[in-house]
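**Q** This is the structure I have questions about; it appears just below.
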Amino acid sequence: MKIIAIETRLTRIPFDIGAVPTAFAGMSWTALDTLHVRLLTDTGREGWGEGWGHASCATTRNAVDTLVAPAVVGAAIGEPAERAALSERLFRQLHLHGRSGSVIGALSALDIALWDLAAQCAGLPLYRLLGDAASRADSGGKSRLDSLTCYASLLRYGTPDAVARAAGRALERGYRDIKLHEVDVACVAAARAAMGHDVRLTLDTNCPWSVEEALARCRELAAFNLAWLEEPVWPPEDYAGLARVRREGGIPIAAGENVAGRLAWRALTAAGAVDFAQPSVIKCGGVGAWIDAAQEIGANGAQLVPHCAYFGAGLLATLHLQAAFAPQAAFERLFMDLEARPFGAWLDSSDGRIAVPQAAGLGCSADLAVLDRYALGPPTTIR
Ligand SMILES: [Mg+2]
């Protein structure tokens, strides 16, 4: 089996979060932008991937179109060793462009599509193909798993009233685990008051504070029984600073969505910086790099809780990885209603659970009619 073409498509799909979204993490969130990558082969099989992401999709797409696709069209990928060698070659060939960021996002998309094809060829859902590696990591993964619990990952609402209303809506939808993306303590207080104390609450701040500021905020947040505080420190690679916040702040720490590369994972976890480690499959280099991360995380005693703030093939890949390597963890599901769903009902949660696809590969191909309807410009095909 050979790669004969790589197609990239950008979509912009409006969503509803029950309020006007507030800008955060460098983006204004009114619609979800997604980069879809389709890998076509001479056998007629096709694999789907997704690369980070959101407002920077066009940059990642450019990296696929101009760097990745020309280097892989024509490559043989029929055997596992050929696929592994291709990914390894690309990581080495493109390392001068950086070891994280848009080029790694592009390589993530390629790698996810290669694993989609690998599992299709094996006739297994991806999580069961990964089950052997997961079993060696002592995480289970080989037996059938129909669904995962998930948590509602609320965008930033910015005012206590709006946060409380959103938390109430998440409870009405059946969630018993809610994450906020707020930085004001009053918003956290409002959510906790609306939720009561039986519902798990976590807080993601997206790297806003110095170490001293983070420690001061931890003292203010102590009353709200947070299960974790996510990315409280700028810059995200200040692992020693994060470790100090973890030691002295009194709240468990989560981080990792901005970490790429096995040695970076080792540095993060060996520094004692995190209780919960969050590899992101469309940012870290894809399925293979995610598994490397999981091994480092397990070796250093942190708990694996995958990141997933997207609704393309990356969400499907995360479902499979989590089913194989971290079936007890709650799956991150952004709390939003999309106007259209490129991968259908697999993107939905119900009563705080999300289904794991059982068909071979990722278990679902993108709906081309949805991709066309919400396209940001025409697709690009590199042959
Ligand atoms: Mg986060």
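The values are calculated or read from the model by the stated rules, or taken from the named source; none is laboratory data. Predicted model only: the values in this text are computed from it and were never measured. Every residue, glycine among them, receives a Cβ derived from its backbone with ideal geometry; neighbour counts consider all protein chains shown. Accessible surface is based on the protein model in full, side chains and every heavy atom, while ligands, DNA and RNA are left aside. Shrake-Rupley method; radii C 1.70, N 1.55, O 1.52, S 1.80 Å.
**Q** Which far-off residues, 5 or more places away or on another chain, put their amide H under 5 Å from the one on Ile4, with H placed in the peptide plane?
**A** Those lying under 5 Å, H to H, from Ile4 are Leu40, Thr41, Asp42, Gly74.
**Q** Same structure, new question: How much of the pair distance distribution for the range 82-135 lies past 14 Å, counting alpha-carbon pairs only, in percent?
**A** Of all Cα-Cα distances in the range 82-135, 59 percent exceed 14 Å.
**Q** Give me a comma-separated list of calculated 3J(HN,Hα) values for the range 354-365, in order, Karplus coefficients 6.51, -1.76, 1.60 applied at θ = phi - 60°, integers in Hz, x for any Gly or Pro.
**A** Whole-Hz 3J(HN,Hα) from phi for the range 354-365: 10, 7, 9, x, 10, 6, 5, x, 5, x, 6, 9.
**Q** Sticking with this structure for a sec: I need the Kirkwood Rh of the range 1-87: take the reciprocal of the average 1/r across all distinct C-alpha pairs and report it in angstrom.
**A** Averaging 1/r across every pair of different Cα atoms and inverting gives 14.7 Å.
**Q** While we're looking at this one, here's another question. From the protein chains alone at 1.4 Å, what is the descending order of accessible area for Lys283, Lys179, Lys2, largest first? The partial results should precede the final answer.
**A** Values: Lys283 30, Lys179 0, Lys2 100 Å².
Largest to smallest exposure gives the sequence Lys2, Lys283, Lys179.
**Q** Continuing with the same structure: Write down the percent of antiparallel bridges among all DSSP beta bridges whose residues are both part of the chain, to the nearest 5.
**A** Details: 30 of 51 bridges.
So the antiparallel bridges amount to about 60 percent of the total.
**Q** Additional query: Between helix 211-221 and the chain, what is the angle of the helix's C-alpha long axis to the longest principal axis, kept within 0 to 90° and rounded to the nearest 10?
**A** Tilt relative to the chain: about 60 degrees.
**Q** What's the extension gain from Asn62 to Arg373 if we count 0.36 nm per residue and subtract their Cα-Cα distance?
**A** Details: separation 311, 0.36 × 311 = 111.96 nm, distance 2.14 nm.
This chain segment gains 109.8 nm when fully extended.
**Q** A follow-up question, please. Search the structure for amide H atoms under 5 Å from the amide H of Tyr151, placed 1.01 Å from N in the peptide plane, and list their residues when 5 or more places away or on another chain.
**A** Under 5 Å from the amide H of Tyr151 lie the amide H atoms of Phe331, Glu332, Arg333, each far enough along the sequence or on another chain.
**Q** How big is the dipole moment of the range 4-121 about its Cα centre under a simple scheme where the beta carbon of each Lys and Arg is +1, that of each Asp and Glu is -1, and everything else is neutral? Debye, nearest 20, please.
**A** 260 debye
**Q** How tilted is helix 287-299 with respect to the longest principal axis of the chain? Cα atoms for both, answer in degrees (0 to 90, nearest 10).
**A** The answer is roughly 40 degrees.
**Q** Report, in degrees rounded to the nearest 10, the 0 to 90 angle that the Cα long axis of helix 185-195 makes with the longest principal axis of the chain.
**A** 90 degrees
**Q** Determine, at each q value in 0.13, 0.14, 0.21 (inverse angstroms), the log₁₀ of I(q)/I(0) that the Debye formula gives when each Cα of the range 108-257 is one equal point scatterer.
**A** So the normalised log intensities work out to -0.75, -0.82, -1.12.
**Q** Let me ask something additional. What are the radius of gyration and Dmax of the chain, computed over its Cα atoms and given in Å?
**A** Rg and Dmax of the chain, Cα atoms, are 19.8, 59 Å.
**Q** Take every Cα-Cα distance within the range 1-154, group them into 5 Å bins from 0 onward, and report for each bin the whole-number percent of pairs it holds.
**A** Distribution as computed: 2, 8, 15, 17, 16, 16, 13, 9, 3, 0 percent.
**Q** Starting at the first residue of the range 2-18, write each ³J(HN,Hα) from the Karplus equation 6.51 cos²θ - 1.76 cosθ + 1.60 with θ = phi - 60°, in whole Hz, x for Gly and Pro.
**A** 10, 6, 10, 6, 10, 10, 10, 9, 9, 10, 10, 10, x, 9, 10, 10, x
**Q** With the crude spin-label approximation of a point 7 Å out along Cα→Cβ, what separation in nm comes out for Arg247 versus Glu172?
**A** 4.7 nm
**Q** For a quick check, take a GNM of the chain with Cα springs below 10 Å and name the residue from Pro14, Pro342, Pro80 with the largest mean-square fluctuation.
**A** Pro80
**Q** Tell me, rounded to the nearest percent, the portion of alpha carbon pairs in the range 129-355 spaced more than 28 Å apart. Walk me through the numbers on the way to the answer.
**A** Working: 7146 of 25651 pairs.
Every Cα pair in the range 129-355 considered, those over 28 Å come to 28 percent.
**Q** With all protein chains present, how much of the accessible area of the range 129-355 (probe radius 1.4 Å) comes from carbon and sulfur, to the nearest whole percent?
**A** Values: 3850 of 8090 Å².
That share works out to 48 percent.
**Q** Using amide H atoms built in the peptide plane, which far-off residues or other-chain residues are under 5 Å from Leu304 H to H?
**A** Ala277
**Q** Still on this structure, please answer the following. Averaged per residue, what accessible surface does the chain expose to a 1.4 Å probe, in Å²?
**A** On the way: 14410 Å² over 383 residues.
On a per-residue basis, the chain sits at 38 Å².
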